[in-house]
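Notes for the one structure printed next.
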Amino acid sequence: MTPKLLFAPSLSPDKGAREGLPPLLKWAGGKRWLLPYLRSLYRGHRHRRWVEPFAGGLAAALGLVPERALLNDLNPHLINFYRWVQRGLDPKLPMLPDKTTYYAYRERFNQLIREGKGNTQEAAELFYYLNRTGYNGLCRFNRKGEFNVPFGKYKRVVYQRDFSSHQRVFQNWEFTNVDFRQVAYQAGDFIYADPPYDVDFREYTPDGFSWQDQVELAQLLAGHPGPVVISNQATERVVRLYESLGFSLKFLSAPRRISCDGNRQRALEVLAFRNL
């Protein structure tokens with residue numbers, strides 16, 4: 001399958017829109033590059049609540065700055081950090097981009113997890129530091145639930161300490177930590193779903209994100225009466241799945257490259273949407 005890249009008028013980049021706020025965290029697979037297209041789709045629906053079942057680094061929500069939002073992710077440490085920012089996080093933790101500090105903080109973070117204190121302010125500050133300092137901004141946990149990302153070896157790391165701009169935006173946003181099937185969707189919501197891609201590496205949960213999860217997510221969103229947008233890698237079975245459920249599809253060239261077996265071609269992304 002070699003789908004043709006299509007750009008409908010409704011998917012033209014909205015270059016006149018304001019940029020919003022940058023994400024606070026490094027996050028693999030961030031969708032800042034999709035913002036011009038998401039803005040054009042959401043422009044006529046800003047009265048609707050913006051809902052993301054896979055919020056991740058919040059690139060979409062922070063770029064669009066909706067008045068109301070429900071932002072969910074299955075990673076409890078990610079949501080804990082956002083909730084503390086919402087409360088007015090003022091980090092006091094000394095942040096140094098060196099290996100000794102990193103591994104000491106990683107051990108302390110894992111100790112808090114073991115002690116059932118992963119929802120504390122200290123855990124939120126440590127999570128932020130580990131995210132900014134760890135290798136490639138990865139967020140990875142072992143089977144015991146312990147954070148195991150190695151030190152990033154950066155020459156320079158920028159740590160933000162003033163989260164007040166994000167706190168103001170977060171005031172009318174709700175953050176939840178449930179499975180995508182349990183999100184409290186409402187009929188009028190504008191849903192944007194960016195699930196783990198249909199590729200071999202799917203570290204959404206310790207048990208991964210299976211093909212059955214992909215199918216159940218697509219079926220659930222196909223039944224939503226309001227606007228829906230899904231982004232995913234355009235694998236053959238993903239395209240067939242979305243087409244079979246009545247989604248309209250548009251294909252975009254993503255700003256990342258497929259490196260398997262030395263192949264450096266740009267990855268193909270699919271946007272699937274309904275009720276737009």
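Mind checking which pairs have a first residue in segment 162-190 that is surrounded by 12 or more Cβ atoms within 10 Å (Cβ to Cβ) and a second that is part of a loop (DSSP other than H, G, I, E, B) and of a type in the set (F, W, Y), Cβ under 8 Å, 6 or more apart or different chains?
Cβ pairs passing all conditions: F180/F54.
Can you give me the ranges of the strands (runs of 3 or more DSSP E) entirely in segment 164-250 with at least 1 residues that are charged (D, E, K, R)? Talk me through it step by step, then tell me what you get.
Numbers: elements: 173-176, 190-193, 228-233.
Counting at least 1 such residues, we get 173-176.
Say whether the condition of being more than 18 Å from F175 (Cβ to Cβ), basic (K, R), surrounded by 15 or more Cβ atoms within 10 Å (Cβ to Cβ) and outside the structural domain of A59 (by TED's automatic domain parsing) is met by at least one residue in segment 128-138.
Taking segment 128-138 and keeping what is more than 18 Å from F175 (Cβ to Cβ), we get 129-130, 132-138.
Next, from what is left, pick out any that are basic (K, R): 132.
If we keep only those that are surrounded by 15 or more Cβ atoms within 10 Å (Cβ to Cβ) as well, we get 132.
Next cut, outside the structural domain of A59 (by TED's automatic domain parsing) only: 132.
Looking for residues that are more than 18 Å from F175 (Cβ to Cβ), basic (K, R), surrounded by 15 or more Cβ atoms within 10 Å (Cβ to Cβ) and outside the structural domain of A59 (by TED's automatic domain parsing), one finds at least one in segment 128-138, hence yes.
I'd like to know if segment 40-57 contains one or more residues that are farther than 29 Å from T120 by Cα, in the same structural domain as L268 (by TED's automatic domain parsing), of a type in the set (A, V, I, L, M, F, W, C) and in a helix (DSSP H, G or I).
First pass over segment 40-57, keeping only residues farther than 29 Å from T120 by Cα: 40-48.
Filter once more, keeping what is in the same structural domain as L268 (by TED's automatic domain parsing): 40-48.
Filter once more, keeping what is of a type in the set (A, V, I, L, M, F, W, C): 41.
Now drop any that are not in a helix (DSSP H, G or I), which leaves 41.
So far as segment 40-57 goes, yes, one or more of its residues are farther than 29 Å from T120 by Cα, in the same structural domain as L268 (by TED's automatic domain parsing), of a type in the set (A, V, I, L, M, F, W, C) and in a helix (DSSP H, G or I).
Take the residues of segment 171-212 that are in contact with a Lys or Arg (Cβ under 9 Å, 6 or more places away or on another chain) and acidic (D, E): which is modelled with the lowest pLDDT?
Result: E203.
Hey, among the residues in segment 7-34 that are farther than 21 Å from F163 by Cβ and outside any loop (DSSP other than H, G, I, E, B), which one's modelled with the lowest pLDDT?
Restricting to residues being farther than 21 Å from F163 by Cβ and outside any loop (DSSP other than H, G, I, E, B), the top hit is P9.
Quickly run through segment 152-182 and pick out the residues that are of a type in the set (A, V, I, L, M) and in contact with a helix residue (DSSP H, G or I) (Cβ under 9 Å, 6 or more places away or on another chain). Reasoning before the result, please.
Just the residues of segment 152-182 that are of a type in the set (A, V, I, L, M), to begin with: 157-158, 169, 178.
Across segment 152-182, the qualifying residues are V157, V158, V169.
Does I230 count as without any contact (Cβ under 8 Å) to a residue 60 or more places away in the chain, buried (at least 16 other Cβ atoms within 10 Å of the Cβ) and among the hydrophobic types (A, V, I, L, M, F, W, C)?
On the way: without any contact (Cβ under 8 Å) to a residue 60 or more places away in the chain: yes; buried (at least 16 other Cβ atoms within 10 Å of the Cβ): yes; among the hydrophobic types (A, V, I, L, M, F, W, C): yes.
It is true that I230 is without any contact (Cβ under 8 Å) to a residue 60 or more places away in the chain, buried (at least 16 other Cβ atoms within 10 Å of the Cβ) and among the hydrophobic types (A, V, I, L, M, F, W, C).
Within segment 88-100, does at least one residue satisfy the condition of being outside the structural domain of G208 (by TED's automatic domain parsing), among the hydroxyl-bearing types (S, T, Y) and free of Cβ contacts under 8 Å to residues at least 12 places away in the same chain?
Scanning segment 88-100 turns up at least one residue that is outside the structural domain of G208 (by TED's automatic domain parsing), among the hydroxyl-bearing types (S, T, Y) and free of Cβ contacts under 8 Å to residues at least 12 places away in the same chain.
Which members of segment 130-150 meet the condition of being over 14 Å from L78 (Cβ atoms) and in a helix (DSSP H, G or I)?
T133, Y135, N136
The values are calculated or read from the model by the stated rules, or taken from the named source; none is laboratory data. Every value quoted in this text rests on a predicted model; they were computed, and no experiment measured them. All Cβ positions, even for glycine, are placed from backbone atoms using ideal geometry, and neighbour counts span all protein chains on display.
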